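Structure, as C-alpha cells:
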Amino acid sequence: MSETGGEFAGTSQRSTKHSPRLDDELQHEVEGMVRSGRSTHAEEWADPEPAAEGEPEVDAAPDGTLVGGTPVGMDADAVIARTELARWLDRADFPSTGPQLADAARDHRAPGSVVAELERLPGGQTYERIGDVVRALGYPTET
C-alpha cells in the first residue's frame, strides 16, 4: 500500500474512530435491518429509537431516486412494489396460490396494502417465485 497525504491508501473507506474489527461488527449488526427494511431484533428494547420530533425521517431513497437506478424495462414504482411484496414473503412461502400467499403475508404481519395486493391474484394459479407474482399483478419486469 502506498502513502498519500500522510494516510495509507484505502483508509478513507473505514472509520477512523474504530478498529477495522469493530467496524465490521457494527456493519454486521445493521445488515439485516438494511436488507429487510424493518427491525430484526427479537427484543423490543434492542430496536433503535425513531427520529426525534422535527427531524427528518430516514428514507432509503431520500431524493426520490433509487441507488443504482432501475432495471431495464421497469420503472421506480414497479421496483418499489416488487420490493414491498418480497419483503413480506419468504422463500418457504413458495410455491403457493394467490390466497395462500395472502395468508402467508398476514402471518408475517404485512401491512394491509400488501395483503390487498396479494388478494388480487387469481386463486387457481400456482406461483413459483416473487417474479411470477409481480407479473400476474401487471407490473413491468426487467427485460
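The values are calculated or read from the model by the stated rules, or taken from the named source; none is laboratory data. Please read all numbers here as calculations on a predicted model, not as lab measurements. Using ideal geometry, Cβ is built from the backbone for each residue, glycine included, and neighbour counts are taken over all protein chains shown. When the accessible area is computed, the model is the full protein with side chains, heavy atoms only, and any ligands, DNA or RNA have been set aside. Shrake-Rupley method; radii C 1.70, N 1.55, O 1.52, S 1.80 Å.
Determine how large the accessible area of Ser19 is when every protein chain is in place; take a 1.4 Å probe and give Å² rounded to the nearest 10.
That residue has around 50 Å² of solvent-accessible surface.
Please calculate the 1.4 Å probe accessible area of Ile80, with all protein chains present, and give it to the nearest 10 Å².
90 Å²
Tell me which residues come under 5 Å, amide H to amide H, from Thr97 once H is placed; ignore anything under 5 positions away on its chain.
Here the answer is Tyr127, since their amide H atoms fall under 5 Å of that of Thr97.
Report the extension gain between Asp132 and Arg21 in nm, rounded to one decimal, defined as 0.36 nm multiplied by the number of residues separating them, less their alpha carbon distance. List each step's numbers first, then the result.
Values: separation 111, 0.36 × 111 = 39.96 nm, distance 4.12 nm.
Computed gain between Asp132 and Arg21 is 35.8 nm.
What distance in nm separates the simple spin-label points at Glu29 and Glu44, each placed 7 Å from Cα in the Cβ direction?
2.2 nm
Suppose a student asked you for the relative contact order of region 93-143, using Cα pairs under 8 Å spaced at least 6 residues apart; what percent would you report?
Numbers: 51 pairs, mean separation 21.0, N = 51.
With pairs under 8 Å counted, the relative contact order is 41 percent.
Between Arg106 and Ala76, what is the spin-label point distance in nm, taking each point 7 Å from the Cα along the Cα→C-beta axis?
Between Arg106 and Ala76, the label points sit 3.4 nm apart.
For region 65-121, report the accessible area per residue in Å² (1.4 Å probe, heavy atoms, rounded to an integer).
Numbers: 3280 Å² over 57 residues.
With all protein chains present, region 65-121 gives 58 Å² per residue.
Once both labels are modelled 7 Å past Cα along the beta-carbon direction, what's the Ala116-Glu53 spacing in nm?
If labels sit at Ala116 and Glu53, their model points lie 3.0 nm apart.
Could you give me D for region 67-113, from Stokes-Einstein at 37 °C and 0.692 mPa s, where the hydrodynamic radius is the Kirkwood radius over C-alpha pairs? Units µm² s⁻¹, please. All intermediate terms of the calculation are to be shown ahead of the outcome.
Values: Rh = 11.9 Å.
Here the translational diffusion coefficient equals 276 µm²/s.
Not counting ligands, DNA or RNA, and with a 1.4 Å probe, what is Glu29's accessible surface area in Å² rounded to the nearest 10?
Accessible surface of Glu29 is approximately 110 Å².
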